[in-house]
Structures are given as structure tokens and as C-alpha cells.
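**Q** Attaching a single structure in C-alpha cells format; questions to follow.
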Amino acid sequence: TSSLIIASIFSAVVITACSKDAAPPAAAPNYTWNEEFDTIANSFAKGWVAKNNSRPLGYSTWNQASVVGLDSKGKAIIPSYPFSAQSAVYSGKDFIMVDQNSVDDAGTISNWLLSPATMMKNGDQITFYTRTVPAGFSTTDVPERMQVRLSPNSSNGDVGNSATSVGDFTTLMLDINPTYAVNGTTAFPRNWQKYTLTISNLPPTIQLRRFAFRYLLENGGATGGRGFCAGIDNVTFISK
């Protein structure tokens with residue numbers, strides 16, 4: 001009997017020792033990143049992609065913002081806009097923007113800015129800031145619009161080849177001002193405004209995916225009556 005008691009005590013000690021020495025579970029990988037668009041070249045080198053599907057196609061795409069100013073001859077710098085970056089970590093001019101010249105004169109603007117391919121899953125978040133010019137900056141205030149879309153099953157960046165196509169970006173996460181209000185609470189913000197989106201309704205796996213900003217304006221352009229410019233800054237992907 002005494003030998004059985006000793007054996008039991010020894011077994012308990014061994015089990016306890018093993019449980020104390022067990023390695024802690026590995027931490028889940030963190031894929032969080034932030035983009036402040038310090039320069040377009042740096043951003044594109046990280047995997048950002050721009051594609052202009054506007055029709056008729058204009059000459060402008062997503063570009064480095066330039067705050068209103070004058071060149072050496074006193075002529076206004078074009079393009080230029082009367083606001084600085086949301087986060088002035090660098091020169092204060094560092095954000096990315098898109099404008100009405102995405103389309104040639106007038107038509108449907110559909111100008112895409114795709115995020116780098118990122119490991120994404122349900123519960124992850126996307127935050128960003130966006131805005132347009134203050135009221136009264138141009139001769140006539142015009143409405144702005146932007147969508148945020150997600151490619152739920154692919155990271156290849158397929159947005160199709162027409163102004164109405166969305167390619168693999170079938171999940172609409174946000175549509176800012178789909179009714180084309182010019183001013184008011186539902187209109188596109190005229191000061192930097194933060195948006196926070198939570199990814200949901202994905203297959204229960206983590207995989208490489210992309211989200212995208214789509215500058216979308218029917219009847220947009222210089223003579224179309226919709227769209228002047230929109231800026232984006234301080235984009236963060238938060239891995240939960």
C-alpha cells in the first residue's frame with residue numbers, strides 16, 4: 001500500500017512539473033500597418049496600386065497632393081488645394097488625392113486606389129481620413145462621392161476594365177454620399193473626417209486580400225457637374 005501511495009505522489013509531481021514547463025501558445029501574427037502617403041513612390045513600392053477606369057479616360061490619376069501656392073514666377077501651382085495633410089508628420093502636404101480630370105471633360109469617373117495585399121480576417125478594421133475642398137473654394141460647389149470596397153476571395157487586384165465594373169471587389173463596405181448631396185450632414189466631408197470599418201462576412205479563414213478606395217461619380221468631370229477632388233490620408237489596417 002505504501003508503495004502505491006509513493007507512486008501516486010511521484011506521478012502527481014511529474015504531471016505538475018510538465019504542466020509548468022509547457023511552452024505558452026504562440027502569439028497570433030499581427031499584420032497591422034499604417035500609410036500616410038509621404039510620397040507616392042514610397043506608397044506604390046509598398047504595394048498600393050492605382051487604376052483609372054473612368055470613361056472617357058482623362059489624364060489624371062491618384063497623385064501627390066500639393067497645397068495651394070505660387071511658383072517662382074508667381075503663377076498658381078496646378079493642381080493645388082487649399083488644405084494640408086490630416087497628419088503633418090512630414091511637410092504637411094503629404095496625402096494622396098484624386099480629381100475631376102480622371103475623366104475627359106464629362107462622363108463616369110471610376111478611379112481606384114488599391115491597398116497592398118494583406119492577410120485579412122473577420123474582425124480586422126480599416127481606418128482612414130478623407131475630405132474635399134472647403135465650401136466656396138471653386139466657382140460652384142459640386143458633390144463628391146467615394147466607395148470603399150473589399151475583394152473577399154482574392155488579392156490579384158482585378159477591378160475590371162469599365163467604368164461600371166468592380167471586378168473582384170464585390171463587397172461594398174462604405175459608400176460616402178451616394179445621393180450626391182453638395183452640402184449638409186450627408187455630403188462628402190469638407191474637413192478631414194475619420195471613418196472606421198470592420199471586416200465581416202468573410203469565409204472563416206485568414207488569407208491575402210485587398211481593399212480599395214473608388215472615387216465614383218456619374219456625370220462627373222469639369223463640365224459634368226459632379227466631382228472636384230478628394231483627398232485620403234492616414235490609412236490604417238488593424239489586425240485584431
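**Q** Rank these by accessible area, largest first, 1.4 Å probe: LEU114, LEU57. Present the calculation step by step, with values, prior to reporting the outcome.
**A** Numbers: LEU114 5, LEU57 95 Å².
Sorted descending by solvent-accessible area, the residues read LEU57, LEU114.
**Q** Would you please classify the overall shape of segment 157-240 from the alpha carbon gyration tensor, given that a ≥ b ≥ c denote the square roots of the eigenvalues, rounded means a/c under 1.5, and beyond that prolate means a/b larger than b/c while oblate covers the rest? Don't skip to the end; give the middle numbers.
**A** Numbers: a/c = 2.35, a/b = 1.45, b/c = 1.62.
Oblate, because a/c is 1.5 or more while a/b does not exceed b/c.
**Q** Name the long-range amide H neighbours of ARG209: under 5 Å, sequence gap of 5 or more, or other chain; modelled H, no Pro or chain starts.
**A** It is THR118, MET119, MET120, by chain and number.
The values are calculated or read from the model by the stated rules, or taken from the named source; none is laboratory data. The structure displayed is predicted, hence computed values, not measured ones. Quick note on the areas: whole protein, heavy atoms, side chains included, nothing else; ligands and nucleic acids left out. Shrake-Rupley method; radii C 1.70, N 1.55, O 1.52, S 1.80 Å.
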